[in-house]
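Comments concern the structure below.
The values are calculated or read from the model by the stated rules, or taken from the named source; none is laboratory data. Being a predicted model, the structure only gives us computed values, none of them experimental. Neighbour counts are summed over all protein chains in view; Cβ atoms, including those assigned to glycine, are modelled from backbone coordinates with ideal geometry.
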Amino acid sequence: MLDFPRWRVWMLNTLIIFGVLFAIPSLLPAQMRDQLAQFVPTPTINLGLDLAGGSHILLEADKSQLVETRLEALEDGVRTAMRRADPQIPIADVSRADGQLSFTVSDVSKVDAAREALIPLTSNATGSRDWNIGVNDGNRLIVTPAGAGNDAALDQAMDTAKDVIDRRINALGTLEPTIIRQGDNRIVVQVPGLDDPAALKALIGKTAKLEFKLVDELADPDQTAKGKARVGSQVLPYPDNPSGLPNIAVRRLGGISGDKLVKADPTFDSQTNEPAVTIQFDSEGGQRFARMTQQNVNKLFAIILDGQVISAPQIREPIFGGVSQISGSFTTESANALSISLRSGALPVDLKIVEERSVGPDLGADSIRRGVLAAVIGTTAILVLMFLVYGRFGMYANFALVINIGMILGVMAFANATLTLPGIAGFILTIGAAVDANVLINERIREELKRGRRIVQAIEVGYKEASRAIFDANSTNVIAAALLFIFGSGPIRGFAVVLMIGIVTSVFTAVTITRMWVSRWVKRTRPTELTI
């Protein structure tokens, strides 16, 4: 039990040295750390929003827009299903109003066939109904949302939106954002260290819904300018229209959506040398894009971003390979922002900012000072108490405690973890509980000495028997911390991270490292008496 080979001693000492070295950059002033970073890597601990300050934004989903989007997708699916039915089912008077879709089956004898064709469109993957189908006046089918249909769609959209926002913020290089859902239709975004939320708002507030639709070249320009479109078309704003008209008419259905994108990169137009964005579709999207351009050579197609036309070029020849370029009135910054938005995916629902605030670091600085003060006072009290009660073995525990503090900071810096105010609480809690293991070990050695065991045997039994209880107790703590990390969010996860790291390092230093020191001392001095 007390036999420590030389290679093991070197390995443990190396771990201690590296653990403490990783902690040093986080304790240095920022200016000194920046100078040091020119020569050696300087991993540091990130500070959370409550310590470093930053931006806080509350986003709310537009439920009515989600309903309208679902109806539009349903209408497109209905038209396709009726057209592909065998035999084809002619329909007319398609209407979307009051959150429902209705249409007339021209041939009354095909109403039942039309209803059967709708079933796959109105059921979800689990087989339950997202839409209810009704019949009015014998041949008019009315599709209305089922009770839980819109709620399920909103829940799925919010989960997707949360992931999209996370990808966009991480693309900026911002560390450790907190992104959590609040209620049914809200998302809280907190980004530490970001004082100016303007770029953040512009990035996460952009839906980034990209569409390619054919221009309705038969539309009356005067009617289009007034916002009026023919049946089957829609009018969209076109700020950079070469004709000078503020709007343009496009075919409402058909076209290609940007959900088939696999790549988007900022670039420069080879002809104008202006900033642009190169996009690439997946195999399915590339085939659809090639088919669309092949069937509509010499026609105009509109590139639509978030309901606004940014360009309407002419299809001069079929575009194969699934690669195209989006050009418009871009700056280098806006082209880069658009490419990030497109790469991260489109938001499935429009989000509006309902609350916005910048959090100053003053409270965080005060919390850090108070946390450091509490840690210093608590550590000093523990060091004095352990020395007075256990003498030499208390000093071993004290040295292990100091190393434990350094290793906690070092591991957090190496893992690029974020320290929050609850994390400071977890850190102080870990310091207070770190010497528990040494108390158990020392008391067990005392008991074995009172029973008449020899010094070496008492130490061996004391470490062996106490270690079982120590590992069992700390295993349950690690499980609790892991559950907090898995199911918690934001500051709770910060507390869990510090707690898990602290438990592992405290057991390592309090048991393994002190046992190594005791072993070396016993072998070197061969004591005949032991006072503990």
Item to complete: Name the residue, out of Ile492, Ile532, Ile470, that is within 20 Å of Ile428 (Cβ to Cβ) and of a type outside the set (Gly, Ala, Ser).
Response: Ile492
Worksheet entry | Residues that are of a type in the set (Gly, Ala, Ser) and exposed (fewer than 15 other Cβ atoms within 10 Å of the Cβ), drawn from the stretch 42-76 | Ser64, Ala73
Practice prompt. Filter the stretch 357-395 down to residues that are surrounded by 15 or more Cβ atoms within 10 Å (Cβ to Cβ), modelled with pLDDT under 85 and not β-branched (Val, Ile, Thr) and give me whichever is farthest from Asn438 (Cα to Cα).
Written response: Pro361
Item to complete: Quickly run through the stretch 242-264 and pick out the residues that are farther than 25 Å from Arg96 by Cα and either surrounded by 15 or more Cβ atoms within 10 Å (Cβ to Cβ) or at pLDDT below 80 (or both).
Response: Pro242, Ser243, Gly244, Lys260, Leu261, Val262, Lys263, Ala264
Item to complete: May I ask you to say which residue of Ile165, Ile142 is touching a residue at least 12 places away in the same chain (Cβ under 8 Å) and outside any helix (DSSP H, G or I)?
Response: Ile142
Worksheet item: Do we have Asp86 as farther than 30 Å from Phe495 by Cα and modelled with pLDDT under 85 here?
Response: yes
Item to complete: Hey, can you tell me all the residues within the stretch 451-491 that are among the aliphatic types (A, V, I, L, M) and more than 44 Å from the chain's Cα centre (by Cα)?
Response: Ile455, Val456, Ala458, Ile459, Val461
Discussion item. Report every pair of residues separated by at least 6 positions or lying on different chains whose Cβ atoms are under 6 Å apart, first residue within the stretch 433-444 and closer than 15 Å to Ile382 by Cβ, second of a type in the set (S, T, N, Q).
Written reply: Ala434/Asn404; Ala434/Ser506
Practice prompt. Give the residue, chosen from Val478, Val456, that is more than 30 Å from Gly48 (Cα to Cα) and either assigned to a helix (DSSP H, G or I) or without any contact (Cβ under 8 Å) to a residue 40 or more places away in the chain (or both).
Written response: Val456
Discussion item. Need a quick list: strands (runs of 3 or more DSSP E) entirely within the stretch 208-321 having at least 1 residues that are in contact with a helix residue (DSSP H, G or I) (Cβ under 8 Å, 6 or more places away or on another chain) and touching a residue at least 12 places away in the same chain (Cβ under 8 Å).
Written reply: 210-214, 233-237, 247-251, 261-268, 275-281, 301-305
Worksheet item: Given the structure, is Leu51 part of a helix (DSSP H, G or I) and either of a type outside the set (A, V, I, L, M) or modelled with pLDDT under 75 (or both)?
Response: yes
Worksheet item: In the stretch 271-286, how many are farther than 13 Å from Ser324 by Cα and surrounded by fewer than 18 Cβ atoms within 10 Å (Cβ to Cβ)?
Response: 6
Item to complete: Among residues belonging to the stretch 110-131 that are over 16 Å from Gln100 (Cβ atoms) and of a type in the set (S, T, N, Q), point out the one that is modelled with the lowest pLDDT.
Response: Thr126
Fill in: Residue within the stretch 413-420 that is assigned to a helix (DSSP H, G or I), farther than 20 Å from Phe18 by Cα, out of contact with any Gly (no Cβ under 9 Å at 6 or more places or on another chain) and of a type in the set (A, V, I, L, M, F, W, C) present
no
Practice prompt. Consider Thr160 carefully, then state whether it is assigned by TED's automatic domain parsing to the domain that holds Arg70 and either at pLDDT 85 or above or assigned to a helix (DSSP H, G or I) (or both).
Written response: no
